[in-house]
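Have a look at the structure below, then the notes.
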Amino acid sequence: QGQLIESGGGLVQTGESLRLSCAASGSIFSINAIGWYRQAPGRQRESVAIINSDDSTNYANSVKGRFISSRDYAKNTVYLQMNSLKPEDTAVYYCHALTDYDNYWGQGTQVTVSS
């Protein structure tokens, strides 16, 4: 069974940076879209950055210009470089992959930005 393993969360101060990683296990194939969602306490899960099959990326308006998502096909890994972090970026960040047959979620990694 395929898995998405996330890493890189933590506690930072406003204006600092973090990089999240998401490694897809070898049994996840035919990925149509892969990227990041986040969920803050008391709020719905929202899309942050999604890399499509044509390598285009859709970013949430709230992170445009600050976050960059990239994909390393050789390592089957996606990254989320988060710059100029704000307290409102505090959330659990989840990796998600959509394939021809299924969709997968990572376990989530906490990102906390202190003011």
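The values are calculated or read from the model by the stated rules, or taken from the named source; none is laboratory data. Because the structure is a prediction, the values reported are computed rather than measured. In this analysis, Cβ positions are derived from the backbone assuming ideal geometry, glycine residues included, and neighbour counts consider all displayed protein chains. Note: accessible area is taken over every heavy atom of the protein model, side chains too, but ligands, DNA and RNA are not part of it. Shrake-Rupley method; radii C 1.70, N 1.55, O 1.52, S 1.80 Å.
Tally the residues that are in a loop (DSSP other than H, G, I, E, B) and among the β-branched types (Val, Ile, Thr), restricting the search to region 63-112.
Residues that pass the stated criteria total 2.
Cβ-Cβ under 8 Å, sequence separation 6+ or interchain: first residue in region 78-93 and more than 25 Å from GLN3 (Cβ to Cβ), partner modelled with pLDDT under 95. Which pairs?
Close Cβ pairs (under 8 Å, with a partner that is modelled with pLDDT under 95) amount to PRO87/SER115.
Out of SER70, SER115, report the one residue that is closer than 26 Å to SER30 by Cα and open to solvent by 40 Å² or more (accessible area, probe 1.4 Å).
SER70
Please work out which residue is most open to solvent (accessible area, probe 1.4 Å), limiting yourself to region 73-95 and to residues that are farther than 18 Å from THR109 by Cα and among the small types (Gly, Ala, Ser).
So the residue we want is ALA74.
Give the residue that is farthest from the chain's Cα centre (by Cα), with candidates limited to residues of region 40-59 that are small (Gly, Ala, Ser) and more than 27 Å from PHE29 (Cβ to Cβ).
GLY42
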